[in-house]
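To keep things clear, I will list the structure first and then write my remarks on it.
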Amino acid sequence: MQRLPVSVLILHFLMLAFTQAVHAEEITVEVDDGIEIPVSVYPASGEYLLLILPSEHGYFQGHHQLAAAISKNNTEVWLADLFTAYFSPVSSD
């Protein structure tokens, strides 16, 4: 039986603790070479911004739930979808 890392357990706890839906605002950020990166923005009234970049596996629903939970605590969260921007497939490994 595989044991879950503490970070995964904390992530699951946060997702359960903050189940109220918060909808992301979708924006596009253009970088120097003309590539447009879609970004899901979870706005907040605080002075901090957390930028989350995907691993080789991309984003899961839990990432969006975590971003929504963090934004409720006055930290704005941006989830940048680099795979879509660069037309790259998400790895299955």
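Just a few scattered comments:
- The residue that is nearest to Ala68 (Cα to Cα), among those in the range 19-28 that are open to solvent by 50 Å² or more (accessible area, probe 1.4 Å) and at pLDDT 85 or above, is Glu25.
- Filtered by the rule that a residue be hydrophobic (A, V, I, L, M, F, W, C), open to solvent by less than 30 Å² (accessible area, probe 1.4 Å) and closer than 19 Å to Ile27 by Cβ, the range 46-80 gives Ala67, Ala68, Val77, Leu79, Ala80.
The values are calculated or read from the model by the stated rules, or taken from the named source; none is laboratory data. Keep in mind that what you see is a predicted model, and the values were worked out from it rather than measured. Note: ideal-geometry Cβ built from the backbone for every residue, glycine included; neighbour counts use all protein chains shown. Surface accessibility is based on the protein's heavy atoms, side chains included, excluding ligands, DNA and RNA. Shrake-Rupley method; radii C 1.70, N 1.55, O 1.52, S 1.80 Å.
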